[in-house]
Amino acid sequence: MPIKRAKEVLEIEARSIRALVSRLDTQFSKAVDVLAKCQGRVVVAGMGKTGIIARKISATLSSTGTPSIYMHSAEAVHGDLGQVAREDVVILISSSGETEETVRLLPSLKKIGCRTIAMTGGMKSSLAKYCDLVLDVGVEKEGCPLGLAPMASTTATLAMGDALAACLIDRKNFRREDFAFYHPGGSLGRRLVLRVEDIMRKGTHFARVTEDTTVKDVLLAITEARCGSACIVDRKKKFVGIFTDGDLRRYIETDPQLLSRQVGRVMTRNPLTIKRERLAAEAFEILMQKKVDELPVLDGDGKLVGLLDVQDLLRAGLAR
């Protein structure tokens, strides 16, 4: 019984979203145009469950380059209308289009002179009649078995809000870097803005030796730098290879003279490297795919400038 009911609800909500597709018309295109040209903020207003959806739509707009605030319809008539200015656009959400607190905002909004967009299922309602533009988010049936709690209607409204936000992303040429700017605190932001040079090991924090250094001295350098490998450069300071614990294991059992040999004879030549300006998230993907722990970091001229260890990436919160 629970599975049957769940499937029924999901089908109802899925049909409600699909039904929106055929209703997209010039009203939607004009709404995108008005929102894109908004010189102020997009104010999204609603009540109850619809108010929760309004808050989410506002949050999505704000995080994708369209400044927006949420306004509770009841609080608006008790002073919060002071947040609205003439250059703003107000999106008013009401399933029926007759929600008293939301409809009561219309005369004041007209006096303010801002543009208004209704998102409603009541296409002949007061809200639809008096707003500048109307987006139809009506549904044939709610998912609620009692037909009372808003389910399909809130889902359809949320989807319409997402459609608006997506179109505005296109219209404003909003980029991944812009998105990261508005999300600096989370792992998503770090993945989009953190570069290899921001977290790589520099100076004395990684081992850098020449080809003629003995393996014994290389191991001492690795221990002193507290890393898992040494980067090898030639006499002109050009990067030529890397010596890792894997190289050590490969040779130590078969070469009793290993510690006294020059590292240039046993190092790994032409290993994987990465440029300093690459995203740290890209480096993490390379390390995971190639199953290695370190990447020498080079500048644009191929000069060795650092070492990136998988532990550095993990500490930076790049793991997904």
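What follows draws every value from the coordinates through simple rules; no lab data is involved. Bear in mind the structure is a predicted one, so any value in this text is a computation, not a measurement. Cβ placement follows ideal geometry from the backbone for every residue including glycine, while neighbour counts extend to all protein chains displayed.
Between region 1-30 and region 266-320, what's the alpha-carbon centroid distance in Å?
Spelled out, the Cα-based centre of one part sits 46 Å from the other.
Highest first, please rank the peptides 265-276, 154-165 by the mean number of other Cβ atoms sitting within 10 Å of their residues.
154-165, 265-276
Among His205, His78, rank each residue by its count of other Cβ atoms within 10 Å, from fewest to most, as a rough exposure measure.
Fewest to most other Cβ atoms nearby, the residues stand as His78, His205.
Sort out for me the Cα centre separation of region 99-148 from region 197-240, rounded to whole Å.
When both Cα centres are located, 67 Å separates them.
State which entries of Lys30/Lys124; Lys4/Lys49; Lys202/Lys236 exceed 23 angstrom in Cα-Cα distance in the structure shown.
Violating the 23 Å limit, Cα to Cα: Lys4/Lys49.
Shape call for region 196-315 from the C-alpha gyration tensor, a ≥ b ≥ c root eigenvalues: rounded (a/c under 1.5), prolate (a/b greater than b/c) or oblate? Could the numbers behind the result be given before it?
Working: a/c = 1.91, a/b = 1.55, b/c = 1.23.
Since a/c reaches 1.5 and a/b is larger than b/c, the shape of region 196-315 is classed as prolate.
Sort 15-24, 101-110 by packing, meaning the average of other beta carbons within 10 Å per residue, with the highest value first.
Going from most to least packed, we get 101-110, 15-24.
So between Ile52 and Arg175, what do we pick up on full extension, going 0.36 nm a residue minus the alpha carbon distance? Before the final figure, lay out the partial values.
On the way: separation 123, 0.36 × 123 = 44.28 nm, distance 2.72 nm.
That pair, Ile52 and Arg175, stretches by 41.6 nm at full extension.
Just want the ordering: Cys38, Cys131, from fewest to most Cβ atoms lying within 10 Å of their own Cβ. All intermediate terms of the calculation are to be shown ahead of the outcome.
Numbers: Cys38 19, Cys131 23.
So the residues, fewest neighbours to most, are Cys38, Cys131.
Give me Phe284, Phe239 ranked fewest to most by other Cβ atoms within 10 Å of their Cβ, as a rough exposure proxy. Write out the running numbers ahead of the final one.
Values: Phe284 23, Phe239 20.
Sorted ascending by nearby Cβ count, the order is Phe239, Phe284.
If you line up the Cα atoms of the chain on their principal axes, what length do they span on each, largest first, in Å?
Between the extreme Cα coordinates on each principal axis of the chain lie 90, 52, 34 Å.
Let me know the shape class of region 50-103, please: from the alpha-carbon gyration tensor, a ≥ b ≥ c as square roots of the eigenvalues, rounded when a/c is under 1.5, otherwise prolate if a/b is greater than b/c, or oblate.
Oblate, because a/c is 1.5 or more while a/b does not exceed b/c.
What does the extension gain come out to for Glu211 and Lys141, with contour length at 0.36 nm per residue minus their alpha carbon separation? Intermediate results must be reported in sequence, preceding the final value.
Details: separation 70, 0.36 × 70 = 25.20 nm, distance 7.51 nm.
Extra length available between Glu211 and Lys141 comes to 17.7 nm.
According to the Cα gyration tensor, what semi-axes, each the square root of 5 times an eigenvalue, does the equivalent ellipsoid of region 2-174 have, listed from largest to smallest in whole Å?
Computed over region 2-174, the values are 26, 19, 14 Å.
Label points 7 Å out from Cα along the Cβ direction at Arg86 and Ala149: separation in nm?
Computed distance between label sites Arg86 and Ala149 equals 4.6 nm.
With springs only between Cα atoms under 10 Å apart, run a GNM on the chain and tell me which of Met47, Met288, Met123 wobbles the most.
Among Met47, Met288, Met123, the largest mean-square fluctuation in the Gaussian network model of the chain belongs to Met288.
Asp293: net charge of surrounding residues, Cβ under 9 Å, Lys/Arg +1, Asp/Glu -1, itself excluded?
Net charge around Asp293: -2.
Could you work out the helix-only [θ] at 222 nm for the chain, with each DSSP H run of four or more residues adding -39,500 (n - 2.57) and the total divided by the number of residues, to the nearest 500 deg cm²/dmol?
Values: 15 runs with 140 residues, N = 320.
Result for the chain, helices only: -12500 deg cm²/dmol.
Antiparallel versus total DSSP beta bridges in region 196-315: what percent is that, nearest 5?
70
Under 5 Å between amide hydrogens, which residues at least 5 positions from Ile69 or on another chain qualify, with H placed 1.01 Å from N in the peptide plane?
Val42, Val43, Val44
Just to confirm the number: angle between the C-alpha axis of helix 2-21 and the first principal axis of the chain, 0 to 90 degrees, nearest 10?
Relative to the chain, helix 2-21 is tipped by roughly 80 degrees.
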